[in-house]
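Student: First, the structure itself, so that you have it in front of you.
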Amino acid sequence: MAMPETTNKMFGEKLLSIPRWIWFVLVIILATIPQFVSITIPNVPEDSSAALYKELMTLPEGSTVIVQTDWTKSTQGESRGQFDALMRILMRKNIKFAFMSVADPQASEVARNALKELNAERIKDGDREYKRWEDYVSLGYFPGAEGKGKEIGESMLDAFKASKDKDQNNVERSVLESPVMKGIEKVGDLSAFIVVTASKSITIALERLQDKVKMLGLVTGVMGPETVNYYTSNQLKGLSIGLKGVYDMETMMEYGANYPDSSGKNFYNMKKYTDVVPNWPGKKNMDRGTKYYLTLHFTIGLMIIAVIIGNIGVLLTRKKGNE
Amino acid sequence: MGWNLLAQTATEPSFFNGPNGTIWGWIAGTMLVGFAILIGLLYMPAQGRKYVIAGFTFVCGLFYVLLWLVPTPHDRNPDDVPRGKVEEISFWLSDAVNVFGGLSNILVAMLLLLGVFSLARIHIAKIIKQQKDWVFSVCLIGAMVLIIIAGYNKWLTELNMDPAQLEAIGKLEPNAWPFYKKSQDFLFDGLLQNMDAAMFSVIAFYILSAAYRAFRVRSVEATILLATALLVMMSLLGLVTLYWNMGVDLITRGDPASFWNNLKLKEIADFIGSSFRAPGLRAIDFGIGVGALAMALRLWLGLERAGGSN
């Protein structure tokens, strides 16, 4: 009696023909379950993340920075966590900031909405509200990144003379009149120029501004490998890369960098990075990075398993063919 | 006047730039002039158009070349006066950066507008002719119009509110929001942003499927690539790194000087990153840079045929 073709299939062939929908269902399950689990996974921050944390923690209180925010919800898994960690540090240190976008027209609105949520969290925790116009302003969206970068490098006054934001009386005024931009005439007057991006906009900014102001970057995992070149050449003073970078930031906000706890022990040992930077005790530090890091474990784990299964299938099929 | 033509000075209030910041006159005037130039270019003979575009490109490019070649003033104060012709040129170039930057921003913004116009033209034509899948075109045009109306409505409504009113609305629960806020929130945050996230998340499925089907040990090179990728991926995972390193610590017995410490996952990933990945990317970037320079020179000098003649 003839056997059905499927039962005759070799094991190797079966491994090679796992239906796509099974993988898709596994991705959904493995990406969803960790969202409901909150555990602190052991982590040793990257040196670039530690350098970024140190630079942020040593920014002078009350100074002004520019935050170039070039991300939207498509990369929120990484960028939102980076943006939140950055904003929490800036707000806790009373640093004024002006944010702008060059990559996506939606980016400014996304950043404004994220800021509203962070402000609500501050008020809930009993901290003062970070006020638009007095503490931060929105400079706007500039589609010509190259030209704008050059303008910023030449003169902050000219570059933003047409930018307006609402003051405390809800009247649109030039951002240059705001307390945030007070005394900022050149880009060098800023204490840092920080780029949160999911695109090449950081490279465009670096090419035009890196010799004029301290530059810091928070980029997605995709942009990481090429941006790391600018960190190793000291053009970027600190760099957070991808979801690991978010978790690094949150870990350092919770435990500090090389910062001993009350028993004199460090939460982790960074071998090469030796600077000691304190933490933020009693504050909400662990957030999106912590929530998504387990998901990253599960999904990368699934991908590794998928690759291994595929290759075992190939080896078994080849072996059978040789026989 | 003269070299200081482009220096930024406060303008007197007028119809175009009234005390309340009205710029509608400027916008209308600029649009009229812009459309006149566009129409003029459309009706110009192809040969003439080529020279106009090439000339415009050359002048814009020349400005940035000069800006790079001529030393620009450092730590310049607003009341600094140039000494001699060279400094005059230097000051003028420095002042004009803002004008050229503004022009480039306007040009790119025009490209966005051109995209919207092109999209609308194609899809409206499709709806009128009721071509295949015209219903999707209705969705696209409808969504575009709705989000434009909702966005402008929110901006204009909030612009006319007093701070107390705005603050009171800001404290309301979402279900008590006024219609203008609810509609913008629903369309932008509720639909557009989440669809954006959903579209991007689909990539995860394709990456997994592609990794399973294509990442195969077919040759020595593919095997090296596969092993490297697996090591780098694993180095991103804190738990895997912890247990891997604990294994290495068993071999080294905690001796920091032991050679076997090099087998720690972070060390391997750092070695791969700094010794292979970074130089490789630098080489690629360098190649791209040289190519871009050559391309820029061709465009600047009007040597690209497609740029001017078509």
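Student: Can you pull the semi-axes for segment A:49-207, root of five times each eigenvalue of the Cα gyration tensor, sorted largest first, whole Å?
Tutor: On the way: eigenvalues 88, 73, 53 Å².
Whole-Å semi-axes of the equivalent ellipsoid: 21, 19, 16.
Student: Here's a follow-up. Among all helices in chain B defined by DSSP H, which have a length of 27 Å or more along the axis from Cα atoms plus a Kyte-Doolittle mean of at least 1.6? Don't jump to the answer; show the numbers that get you there.
Tutor: Values: long enough: B:24-43 (28 Å, 1.79); B:46-69 (34 Å, 1.23); B:84-129 (67 Å, 1.16); B:134-159 (38 Å, 1.55); B:193-214 (32 Å, 0.82); B:278-300 (32 Å, 1.11).
Helices meeting the span and hydropathy rule in chain B are B:24-43.
Student: So if the hydrodynamic radius of chain A is defined as the Kirkwood radius over C-alpha pairs, what does Stokes-Einstein give as its diffusion coefficient at 20 °C and 1.002 mPa s, in µm² per second?
Tutor: Values: Rh = 21.8 Å.
Estimated diffusion coefficient is 98 µm²/s.
Student: Is it possible to state the helix-based mean residue ellipticity at 222 nm for chain A, with each DSSP H run of 4+ residues giving -39500 (n - 2.57), the sum divided by total residues, to the nearest 500 deg cm²/dmol? What is it?
Tutor: Numbers: 12 runs with 150 residues, N = 323.
That calculation yields -14500 deg cm²/dmol at 222 nm.
Student: Here's something else I'd like to know. When the Cα centres of segment A:193-231 and segment B:232-275 are compared, how far apart do they sit, in Å?
Tutor: Here the two parts' Cα centres lie 28 Å apart.
Student: Can you compute the helix-only [θ] at 222 nm over chain B? Use -39500 (n - 2.57) per DSSP H run of at least 4 residues, normalise by all residues, nearest 500 deg cm²/dmol.
Tutor: Values: 12 runs with 218 residues, N = 310.
It lands at -24000 deg cm²/dmol.
Student: I'd like the FRET efficiency for B:SER118 and A:LYS265, computed as 1/(1 + (r/R0)^6) with the beta carbon distance as r and R0 of 56 Å, rounded to 0.05. Working shown, then result.
Tutor: Numbers: r = 62 Å, r/R0 = 1.11.
According to the calculation, E is roughly 0.35.
Student: Nearest 20 debye, what's the magnitude of the dipole of segment B:200-277 about its Cα centre given +1 on Lys and Arg Cβ and -1 on Asp and Glu Cβ?
Tutor: Values: 7 positive and 5 negative charges, 61 e Å.
Value, rounded to 20: 300 debye.
Student: Ok, one more. Which residues does the label zone of B:LEU231 cover in segment A:43-71, counting backbone N under 12 Å from a point 7 Å along Cα→Cβ?
Tutor: Those under the cut-off are none; the list is empty.
Student: Order by neighbour count: A:TYR247, B:TYR43, A:TYR293, B:TYR64, fewest other Cβ atoms within 10 Å first, most last. Present the calculation step by step, with values, prior to reporting the outcome.
Tutor: Working: A:TYR247 29, B:TYR43 8, A:TYR293 26, B:TYR64 18.
Result, fewest neighbours first: B:TYR43, B:TYR64, A:TYR293, A:TYR247.
Student: Among the helices of chain A (complete DSSP H runs), which have Cα atoms covering no less than 24 Å along the helix axis and a Kyte-Doolittle mean of at least 0.0? Please report the intermediate quantities before stating the final value.
Tutor: Working: long enough: A:107-124 (26 Å, -0.64); A:288-322 (51 Å, 0.65).
Qualifying helices, which must be both long enough and hydrophobic enough, are A:288-322.
Student: Still on this structure: Can you list the lysines whose alpha carbon sits under 19 Å from that of A:LYS161, skipping same-chain ones fewer than 8 residues off?
Tutor: Result set, ordered by chain and number: A:LYS96, A:LYS148, A:LYS150, A:LYS182, A:LYS186.
Student: What is the magnitude of the charge dipole of chain A about its Cα centre, with +1 placed on the Cβ of each Lys and Arg, -1 on the Cβ of each Asp and Glu, and no other charges, expressed in debye to the nearest 20?
Tutor: Values: 41 positive and 38 negative charges, 123 e Å.
Roughly 600 debye, rounded to the nearest 20.
Student: Also: How large is the dipole of the protein assembly as shown about the Cα centre if only Lys and Arg carry +1 and Asp and Glu carry -1, each at its Cβ, rounded to the nearest 20 debye? Could you put the intermediate results ahead of the total?
Tutor: On the way: 64 positive and 60 negative charges, 384 e Å.
Dipole about the Cα centre, nearest 20: 1840 debye.
Student: If you rank B:ASP80, B:ASP95, B:ASP249, A:ASP248 by fewest surrounding Cβ atoms within 10 Å, what's the result?
Tutor: Final ranking by Cβ density, sparse to dense: B:ASP80, B:ASP249, B:ASP95, A:ASP248.
Student: A follow-up question, please. Enter the mean number of other protein chain beta carbons within 10 Å of the beta carbon of each residue in B:203-212, as an integer.
Tutor: Details: counts 1, 8, 6, 2, 4, 10, 5, 2, 7, 15.
Partner Cβ neighbours, averaged per residue: 6.
Student: Follow-up. Which listed residue (B:ILE39, A:ILE22, B:ASN98) has the Cα farthest towards the positive end of the charge dipole for the protein assembly as shown, taking +1 on Lys and Arg C-beta and -1 on Asp and Glu C-beta about the Cα centre?
Tutor: Towards the positive end, the residue furthest out is A:ILE22.
Student: Subtract the Cα-Cα distance of B:GLN130 and B:LEU299 from 0.36 nm times their separation in residues, and report this length gain in nm to one decimal. If you can, show how the numbers build up before the last one.
Tutor: Values: separation 169, 0.36 × 169 = 60.84 nm, distance 4.14 nm.
Gain on extension, B:GLN130 to B:LEU299, equals 56.7 nm.
Student: A:LYS14: which lysines have alpha carbons under 29 Å from its alpha carbon, excluding same-chain residues fewer than 8 sequence positions away?
Tutor: A:LYS319, A:LYS320
Student: Additional query: Between segment B:207-224 and segment B:51-74, what is the C-alpha centre distance in whole Å?
Tutor: Here the two parts' Cα centres lie 48 Å apart.
Student: Okay, next question. Rounded to a whole number of µm²/s, how large is the Stokes-Einstein D of chain B at 10 °C and 1.306 mPa s, given Rh as the Kirkwood radius over C-alpha pairs? Working shown, then result.
Tutor: Details: Rh = 27.6 Å.
The Stokes-Einstein estimate is 58 µm²/s.
Student: Further, regarding this structure: Counting only DSSP beta bridges with both residues in the protein assembly as shown, tell me the antiparallel percent, nearest 5.
Tutor: Working: 4 of 30 bridges.
For the protein assembly as shown, the DSSP antiparallel bridge percentage is about 15.
Student: Hey, another quick one. Taking every residue in A:134-145, how many Cβ atoms of other protein chains lie within 10 Å of its Cβ, on average?
Tutor: Values: counts 0, 0, 0, 0, 0, 0, 1, 2, 6, 9, 11, 3.
Per residue, the average neighbour count from other chains is 3.
Student: Let's test this: bin the Cα-Cα distances of the protein assembly as shown at 20 Å from zero up to the farthest pair and state each bin's percent.
Tutor: 15, 45, 33, 7, 0, 0
Student: Let me ask something else about it. Taking just the alpha carbons, could you work out the radius of gyration and Dmax for segment B:153-229, both in angstroms?
Tutor: Looking at segment B:153-229, its Cα Rg and Dmax stand at 24.2, 70 Å.
Student: Of B:LEU62, B:VAL248, B:LEU114, which is farthest on the positive side of the dipole of chain B, counting Cα position, with +1 on Lys and Arg Cβ, -1 on Asp and Glu Cβ, and the Cα centre as origin?
Tutor: Checking the options against the dipole of chain B, the answer is B:LEU114.
Student: Which of the aspartates and glutamates could a cross-linker bridge to A:LYS164, judged by Cα under 18 Å and excluding same-chain residues fewer than eight apart?
Tutor: Answer for A:LYS164, where 18 Å is the Cα cut-off: A:GLU109, A:GLU134, A:ASP135, A:GLU151, A:GLU172, A:GLU177, A:GLU185, B:GLU158, B:ASP162, listed by chain and number.
Student: Averaged across the residues of B:180-188, what count of C-beta atoms belonging to other chains lies within 10 Å of each residue's C-beta?
Tutor: Values: counts 0, 0, 0, 0, 1, 1, 0, 0, 4.
For this peptide, the per-residue mean of nearby foreign Cβ atoms is 1.
Student: Could you please tell me the mean projected area of the C-alpha convex hull for segment B:167-310, averaged over all directions and given in square nanometres to one decimal?
Tutor: Working: hull surface 79.5 nm².
About 19.9 nm², averaged over all directions.
Student: What are the extents of the Cα atoms of segment B:80-236 along their three principal axes, in Å, largest first?
Tutor: Extents along the principal axes: 65, 63, 46 Å.
None of the figures in this text is laboratory data; all of them are computed from the coordinates on show. Keep in mind that what you see is a predicted model, and the values were worked out from it rather than measured. A quick note on method: Cβ atoms are made from the backbone with ideal geometry, for glycine too, and the neighbour counts reach across all protein chains shown.
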